[in-house]
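Remarks on the structure that follows.
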Protein chains: 2
Amino acid sequence: MPHIDVNNDFAGIRGLMAFRPETAEPLAALAEMLLRDNEGLSRAERELIATRVSYLNDCFYCHNSHGELACVYLDGDRELVDQVRKDYQHAAISEKLKALLTIAGKVQQSGKAVQPEDITQARQEGATDRDIHDTVLIAAAFCLYNRYVDGLGATTPKDLSTYGPRALQVAENGYGKHIYTAAQPEK
Amino acid sequence: MPHIDVNNDFAGIRGLMAFRPETAEPLAALAEMLLRDNEGLSRAERELIATRVSYLNDCFYCHNSHGELACVYLDGDRELVDQVRKDYQHAAISEKLKALLTIAGKVQQSGKAVQPEDITQARQEGATDRDIHDTVLIAAAFCLYNRYVDGLGATTPKDLSTYGPRALQVAENGYGKHIYTAAQPEK
């Protein structure tokens with residue numbers, strides 16, 4: 001049960017968003033911009049960065065929600081998603097994405113942890129300034145979303161089978177207002 | 001110098017926002033909603049929470065920017081702002097705000113650090129569910145803004161006298177698009 005009475009049955013961040021639609025709108029718009037953009041980083045790469053940071057922040061709801069999204073974009077390769085979560089250096093992903101995941105992991109600790117050599121390494125693997133910008137902002141944004149969800153004790157379904165159908169809906173419709181206003185929220 | 005070429009002379013988060021206006025818009029809208037709302041928490045209280053969290057995250061640009069904003073709303077009481085930064089338990093602020101700053105400090109560490117007794121304490125001091133919600137989200141949002149600024153090595157003016165005039169402008173005009181599109185950015 002959440003720490004506050006959100007007065008709805010939506011799970012995770014959706015319950016908090018429905019409680020306070022004024023702040024939900026920019027939060028959803030930010031996710032849409034950062035995770036659905038297809039320029040530079042792919043949607044799969046963006047969701048993998050979100051999944052890894054949420055895993056590092058130990059946010060069960062977020063790392064499973066975004067892990068399932070990544071899985072959708074990776075044609076169901078759940079094993080790859082799980083390897084990125086736990087041991088991305090040995091995952092079958094590009095060296096560029098590995099360098100960006102290193103930056104994301106530093107941002108999760110602190111902005112100051114990012115060193116010029118981390119940026120140089122990412123550039124050497126082909127990352128553009130925009131890719132680096134988006135990686136830092138995705139990682140920073142999930143330091144927000146994860147703390148919002150767990151800091152208010154949002155409802156977190158333990159049954160992993162509920163995350164897949166939601167991910168399919170988001171993959172199809174994006175992070176719009178429907179996330180927290182759908183007529184029939186599942187618990 | 002920032003880690004990426006932002007191609008402008010704006011200081012702090014403003015330079016990053018001007019580099020990527022698509023993500024700047026929801027980031028600015030979120031700040032406007034969270035820091036300028038006058039219902040429940042006052043603007044001064046909201047900026048004090050932002051200042052404290054930014055101080056805990058050791059983000060020089062943010063804790064000075066928002067500290068100056070708080071100072072504007074507190075009729076120039078810089079000493080009070082500084083005490084909230086460093087030792088809020090002994091500051092001349094309400095017991096309610098102290099309880100909310102305790103929650104904000106826990107969110108800065110991790111969402112999971114917030115305990116039911118922290119919420120109970122805030123309620124006993126008169127905090128509503130909306131106050132608690134906004135406190136958690138302000139704290140979480142500054143875990144984003146601070147990491148964004150320092151993770152990309154945004155330009156950080158060391159001269160504290162430059163923060164006051166900016167704070168006056170934001171107090172007057174809010175966190176709108178003008179933040180990163182003003183014709184004559186100061187360095």
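The values are calculated or read from the model by the stated rules, or taken from the named source; none is laboratory data. None of the values given here were measured: they were computed from a predicted structure. All Cβ positions, even for glycine, are placed from backbone atoms using ideal geometry, and neighbour counts span all protein chains on display. All accessible areas refer to the heavy atoms of the entire protein, side chains included, with ligands and DNA or RNA removed. Shrake-Rupley method; radii C 1.70, N 1.55, O 1.52, S 1.80 Å.
Given R₀ = 35 Å, FRET efficiency for A:D82-A:N38 by Cβ-Cβ distance, to 0.05? If you can, show how the numbers build up before the last one.
Working: r = 24 Å, r/R0 = 0.69.
Taking R0 as 35 Å, the efficiency between A:D82 and A:N38 is 0.90.
Return the ratio Rg/(2.2 N^0.38 Å) for region B:51-152, where Rg is computed over Cα atoms only. Don't skip to the end; give the middle numbers.
Values: Rg = 13.3 Å, N = 102, 2.2 N^0.38 = 12.8 Å.
The reported ratio for this selection is 1.04.
Of A:K112/B:K158; A:K106/B:K112; A:K98/B:K112; A:K86/A:K177; B:K98/B:K158; A:K106/B:K177, which pairs sit farther than 26 Å apart, going by alpha carbon to alpha carbon? All intermediate terms of the calculation are to be shown ahead of the outcome.
Values: A:K112/B:K158 16 Å; A:K106/B:K112 20 Å; A:K98/B:K112 28 Å; A:K86/A:K177 32 Å; B:K98/B:K158 29 Å; A:K106/B:K177 29 Å.
Over 26 Å apart, Cα to Cα: A:K98/B:K112; A:K86/A:K177; B:K98/B:K158; A:K106/B:K177.
Near A:I13, within a Cβ-to-Cβ distance under 12 Å, what is the net charge of the other residues, with Lys and Arg +1 and Asp and Glu -1?
Values: positive: A:R14, A:R20, A:R147, A:R166; negative: A:D150.
Computed value for this residue: +3.
From largest accessible area down, sort B:T162, A:T135; use a 1.4 Å probe on the protein chains. Display every interim value, and only then the final one.
Working: B:T162 50, A:T135 0 Å².
The ranking, largest first, comes out as B:T162, A:T135.
I need the inter-copy label distances for A:R36: point set 7 Å along Cα to C-beta, values in nm with one decimal, smallest first.
Spelled out, the distances from A:R36's label point are 2.5 nm.
Stretch B:K177-B:T162 to full length: gain in nm at 0.36 nm per residue minus the Cα-Cα span? Mind showing how you got there, number by number?
Values: separation 15, 0.36 × 15 = 5.40 nm, distance 2.03 nm.
Length gained between B:K177 and B:T162: 3.4 nm.
Once phi is turned into θ = phi - 60°, what whole-Hz ³J(HN,Hα) does the Karplus curve with 6.51, -1.76 and 1.60 give for every residue of region B:94-103, x standing for Gly and Pro?
5, 5, 4, 5, 4, 5, 6, 5, 5, 4
With N set to the residue count of region A:111-179, report its C-alpha Rg divided by 2.2 N^0.38 Å to two decimal places.
Expressed relative to 2.2 N^0.38 Å, the Cα Rg reads 1.51.
Size of the dipole of region A:130-182 about the Cα centre, Lys and Arg at +1 and Asp and Glu at -1 on the beta carbon, nothing else charged, in debye to 20?
On the way: 5 positive and 5 negative charges, 26 e Å.
Once rounded to the nearest 20, the dipole reads 120 debye.
Go ahead and estimate [θ] at 222 nm for chain B from helices alone: -39,500 (n - 2.57) per DSSP H run with n ≥ 4, summed, over the residue count, rounded to 500. List each step's numbers first, then the result.
On the way: 10 runs with 124 residues, N = 187.
The per-residue figure over chain B is -21000 deg cm²/dmol.
Could you work out what % of the accessible surface of region A:57-109 is carbon and sulfur, using a 1.4 angstrom probe and leaving DNA, RNA and ligands out of the count?
Working: 990 of 2260 Å².
Percent of accessible area from carbon and sulfur atoms in region A:57-109: 44.
Apply the Karplus curve 6.51 cos²θ - 1.76 cosθ + 1.60, θ = phi - 60°, to the phi angles in region A:154-162 and return the couplings in whole Hz, x for Gly and Pro.
Per-residue couplings from phi come out as 4, 4, 10, x, 8, 6, 4, 5, 7 Hz.
Any chance you could list the semi-axes, whole Å, largest first, of the equivalent ellipsoid that the Cα gyration tensor gives for chain B, using √(5λ)?
Values: eigenvalues 154, 57, 45 Å².
Gyration-tensor ellipsoid for chain B: 28, 17, 15 Å.
Which whole-Hz ³J(HN,Hα) couplings does region A:119-136 yield from phi under the Karplus relation 6.51 cos²θ - 1.76 cosθ + 1.60, θ = phi - 60°, glycine and proline marked x?
Each residue of region A:119-136 in turn: 5, 4, 4, 5, 5, 4, 8, x, 6, 8, 4, 5, 4, 5, 4, 5, 4, 4 Hz.
For region A:1-52, go through all pairs of different Cα atoms, get the mean of 1/r, take its inverse, and jot down that Kirkwood value in Å.
Numbers: mean 1/r = 0.0798 Å⁻¹.
Radius from the Kirkwood sum: 12.5 Å.
Which residue fluctuates the most in chain A, going by a Gaussian network model with Cα springs under 10 Å, if the choices are A:L160, A:L35, A:L48?
Maximum fluctuation in the GNM of chain A, among the listed residues, is at A:L160.
Taking the Cα centre of region B:30-87 as origin, sum charge times position over the Cβ atoms of Lys and Arg (+1) and Asp and Glu (-1), and report the length of that vector in debye to the nearest 20.
Details: 7 positive and 12 negative charges, 26 e Å.
That gives region B:30-87 a dipole magnitude of about 120 debye.
Would you jot down the residues in region B:117-139 that end up with at least 10 Å² less accessible area in the complete protein assembly than in the chain alone, with a 1.4 Å probe?
B:I119, B:R123, B:D129, B:R130, B:I132, B:H133, B:D134, B:V136, B:L137
When the dipole is taken about the Cα centre of chain B, and only Lys, Arg (+1) and Asp, Glu (-1) are charged at their Cβ, what size is it in debye, to the nearest 20? Spell out each step's value before the answer.
On the way: 20 positive and 27 negative charges, 64 e Å.
With only Lys, Arg, Asp and Glu charged at Cβ, the dipole is about 300 debye.
Using only Cα atoms, tell me the angle between helix A:21-36 and the longest principal axis of chain A; keep it within 0 to 90° and round to the nearest 10.
Helix A:21-36 sits at roughly 40 degrees to that axis.
Projecting each Cα onto the charge dipole of the protein assembly as shown (Lys/Arg +1, Asp/Glu -1 at the beta carbon, about the Cα centre), which of B:A28, A:S42, A:H66 comes out farthest on the positive side?
The listed residue farthest towards the positive side: A:H66.
Using a 1.4 Å probe, what is the accessible area per residue for region A:32-79, in Å²? Write down the numbers at each step before the final one.
Details: 1850 Å² over 48 residues.
Value for region A:32-79: 39 Å² per residue.
Suppose we look only past 31 Å in the calculated P(r) of the protein assembly as shown. What percent of the Cα-Cα pairs does that tail hold?
Numbers: 22169 of 69751 pairs.
So the portion of pairs separated by more than 31 Å is 32 percent.
With solvent modelled as a 1.4 Å probe, how much accessible area in total do chains A and B shield from it at their shared surface, in Å² to the nearest 100?
Separately minus together, A and B give about 3600 Å² buried.
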